[in-house]
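The values are calculated or read from the model by the stated rules, or taken from the named source; none is laboratory data. What you see is a predicted model; the values in this text were computed from it and never measured. Quick reminder, even Gly has a Cβ in these numbers, built from the backbone with ideal geometry, and neighbours come from all protein chains shown. Keep in mind that these areas ignore ligands, DNA and RNA; they rest on the heavy atoms of the full protein, side chains included. Shrake-Rupley method; radii C 1.70, N 1.55, O 1.52, S 1.80 Å.
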Amino acid sequence: MTTDLHGRTQRLELADQNLRDFEAVVLDATPEGIVLNRSAFYPGGGGQPADHGVLLWQGVETRIAGVRKGDDLYLIPAEGDPIPPAGTVVTAAVADERRSALMRTHSGLHVLCGVVFREYGCPVTGGNMEPMTARMDFNLPEVPPGFKEAVEELCNAEIVADRRIDVRVLPRDEAFAIPDIIRTATNLVPAEVQDVRIVDIVGLDTQADGGTHVASTKQIGRIKVAKVESKGRGFRRLRITISD
Ligand SMILES: [Zn+2]
């Protein structure tokens, strides 16, 4: 599928979010980064930071400290680590603890987004995450009494309900026929993108999204709304943490 290609790299994590180990061939390796023919390293985007991990080859280990998106997908080696030359077959491993935490956190943010829109009708204006902690910005003119506690309770009710989180790829026209997609993403999906990846928390929240997610809301764990900050006129920042 064309949407799963970045430059010369087939992005394996888009079709299989649980893939952590894979084999690949090095196409290019420079001090700027290592290009593989296939990769399950999430390169970062949509507020979700890039994966870490390792490449194993000929008895040597190259730690991967991040990913850079250019014409190709560049895996950034840890400083001082050996670099596999082009043509090398490597066994790669995505750091599981970090990625799994990011999947729970990312899905948690979508639950938050869905709950706040359903209950208060206000759109998301931004967001960011680290493993097990995140923030999301909303356009909410007035903060009703008990807002923080109510949002937390409603989010956790959606987790207990164990809603399925489906990922599918739709042609652009079909994707933008879904009202929720227009609300969350019209401006964020470049015009040249023909296939749109949809992340659907069934019955709660549907978004155009390139990130990695858990399979159902129960796998998120527990959401705590740690703080509601006012950053200016109508600009509210919610800080959340995820726990077991
Ligand atoms: Zn997302």
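K231 meets the conditions (1) out of contact with any helix residue (DSSP H, G or I) (no Cβ under 7 Å at 6 or more places or on another chain); (2) away from the ligand (no atom under 16 Å from the Cβ); (3) in contact (Cβ under 8 Å) with a residue 40 or more places away in the chain; (4) under 17 Å from G46 (Cα atoms) in every case but one. The failed one is (4).
Looking at this structure, is T206 closer than 21 Å to G47 by Cβ, surrounded by 19 or more Cβ atoms within 10 Å (Cβ to Cβ) and modelled with pLDDT of 95 or more?
Numbers: closer than 21 Å to G47 by Cβ: yes; surrounded by 19 or more Cβ atoms within 10 Å (Cβ to Cβ): yes; modelled with pLDDT of 95 or more: no.
In short, no.
Residues are listed down the side, and each one gets a yes or a no for (1) modelled with pLDDT of 95 or more; (2) of a type in the set (F, W, Y); (3) closer than 15 Å to M103 by Cβ:
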{"position": "A150", "(1), (2), (3)": "yes, no, no"}
{"position": "L154", "(1), (2), (3)": "yes, no, no"}
{"position": "A161", "(1), (2), (3)": "yes, no, no"}
{"position": "E174", "(1), (2), (3)": "no, no, no"}
{"position": "I178", "(1), (2), (3)": "no, no, no"}
{"position": "I182", "(1), (2), (3)": "no, no, no"}
{"position": "V193", "(1), (2), (3)": "no, no, no"}
{"position": "S216", "(1), (2), (3)": "yes, no, yes"}
{"position": "G221", "(1), (2), (3)": "yes, no, yes"}
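Looking across the stretch 108-160, the residues that are more than 18 Å from T217 (Cα to Cα) and charged (D, E, K, R) come down to E119, E130, R135, D137, E142, K148, E149.
Can you go through V94, V115, V90 and tell me which one is within 16 Å of the ligand (Cβ to nearest atom) and either within 22 Å of A65 (Cβ to Cβ) or at pLDDT 95 or above (or both)? Break it down stepwise before answering.
Values: V94 fails: within 16 Å of the ligand (Cβ to nearest atom); V90 fails: within 16 Å of the ligand (Cβ to nearest atom).
From the options V94, V115, V90, the qualifying one is V115.
Pairs linking a residue in the stretch 193-209 that is not assigned by TED's automatic domain parsing to the domain that holds G45 and in a loop (DSSP other than H, G, I, E, B) to a residue that is within 11 Å of the ligand (Cβ to nearest atom) and open to solvent by 50 Å² or more (accessible area, probe 1.4 Å), with Cβ atoms under 6 Å and 6 or more positions apart or on different chains, are D209/G46.
Summed over the stretch 28-47, the residues that are more than 16 Å from the ligand (Cβ to nearest atom), open to solvent by 10 Å² or more (accessible area, probe 1.4 Å) and in a strand (DSSP E or B) give a count of 4.
In the stretch 4-23, the residues that are under 20 Å from T88 (Cα atoms) reach residues that are open to solvent by 30 Å² or more (accessible area, probe 1.4 Å) and β-branched (V, I, T) with C-beta atoms within less than 9 angstrom, at least six apart or across chains, in these pairs: R11/T3; D21/T91; F22/T91; E23/V89; E23/T91.
Tally the residues that are in a loop (DSSP other than H, G, I, E, B) and over 20 Å from D4 (Cα atoms), restricting the search to the stretch 53-89.
First pass over the stretch 53-89, keeping only residues in a loop (DSSP other than H, G, I, E, B): 58-59, 70-72, 78-88.
So of that shortlist, the ones also over 20 Å from D4 (Cα atoms) come out as 58-59, 78-88.
Number of matching residues: 13.
Among the residues making up the stretch 186-202, a single one is away from the ligand (no atom under 13 Å from the Cβ) and closer than 11 Å to D166 by Cβ: V202. Among the residues of the stretch 216-228, are any open to solvent by 30 Å² or more (accessible area, probe 1.4 Å), out of contact with any Phe, Trp or Tyr (no Cβ under 6 Å at 6 or more places or on another chain), within 12 Å of the ligand (Cβ to nearest atom) and not acidic (D, E)? No, the stretch 216-228 contains no residue that is open to solvent by 30 Å² or more (accessible area, probe 1.4 Å), out of contact with any Phe, Trp or Tyr (no Cβ under 6 Å at 6 or more places or on another chain), within 12 Å of the ligand (Cβ to nearest atom) and not acidic (D, E).
Any residue in the stretch 134-150 that is within 16 Å of the ligand (Cβ to nearest atom), in the same structural domain as I181 (by TED's automatic domain parsing), open to solvent by 50 Å² or more (accessible area, probe 1.4 Å) and closer than 28 Å to Y42 by Cβ? Steps first, answer last, please.
Looking only at the stretch 134-150, we keep the residues that are within 16 Å of the ligand (Cβ to nearest atom), and these are 134-138.
After this cut, where a residue has to be in the same structural domain as I181 (by TED's automatic domain parsing) as well, the list is 134-138.
Filter again for open to solvent by 50 Å² or more (accessible area, probe 1.4 Å), leaving 135.
Now restrict to residues that are closer than 28 Å to Y42 by Cβ: 135.
Taking every residue of the stretch 134-150 in turn, at least one turns out to be within 16 Å of the ligand (Cβ to nearest atom), in the same structural domain as I181 (by TED's automatic domain parsing), open to solvent by 50 Å² or more (accessible area, probe 1.4 Å) and closer than 28 Å to Y42 by Cβ.
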